Amino acid sequence: MRGQVPGGCTRYRFCSVLPPAGARELHRLYLIKGVRATTAIEGNTLGEEQIAAQLEGELELPLSQEYLKREVENVLAAVNEIFGGIMGGEPPALTPDWIARANRRLLAAGVGAPPETPPPSAPPRKAGARGRLLPRTRDGLPGR
């Protein structure tokens, strides 16, 4: 009996403890949660249910929110690239250069900002005590 446990551990060390369906569901769950957390840092307001719908190819958003969907797609692509390398036996070397390239790819795709964000406008000028407009200061704000 003493020799059976170490032998069994060696023989089954590469086997999953979870059944394949359970492992897939757990992977999906943590993929959704990870993508949600990653995009939320940048202000993406899509929830886990919406990200799950996007994984299924069923997410429909108004045109004004399509950029949120694109952000999720870009993060999913980066995660899938890493995971694909790991499963293929060639995990990417997560070096500063690799991270910088991944970041540039996400930024080039517009992650973190809605498309065509209008530039901030100057605040309205205030009227003084006699109803005259106050001159603007050097920074463009109304003042004395």
- Query: What is segment 17-108 by shape, rounded, prolate or oblate, if you read a ≥ b ≥ c off the alpha carbon gyration tensor as root eigenvalues and call it rounded for a/c under 1.5, prolate for a/b larger than b/c, and oblate otherwise?
  - Reply: oblate
- Message: What is the sum of charges, Lys and Arg at +1 and Asp and Glu at -1, for the other residues whose Cβ falls under 10 Å from the Cβ of Glu48?
- Response: +1
- J(HN,Hα) series, segment 21-28, from Karplus relation 6.51 cos²θ - 1.76 cosθ + 1.60, nearest Hz, glycine and proline x: 5, x, 5, 5, 5, 5, 4, 4
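Read-outs throughout are calculated quantities, based only on the coordinates presented, and are distinct from any laboratory measurement. No experiment lies behind these values; they were computed from the predicted model shown. Every residue, glycine as well, gets a Cβ built from its backbone with ideal geometry; the counts of neighbours run over all protein chains shown.
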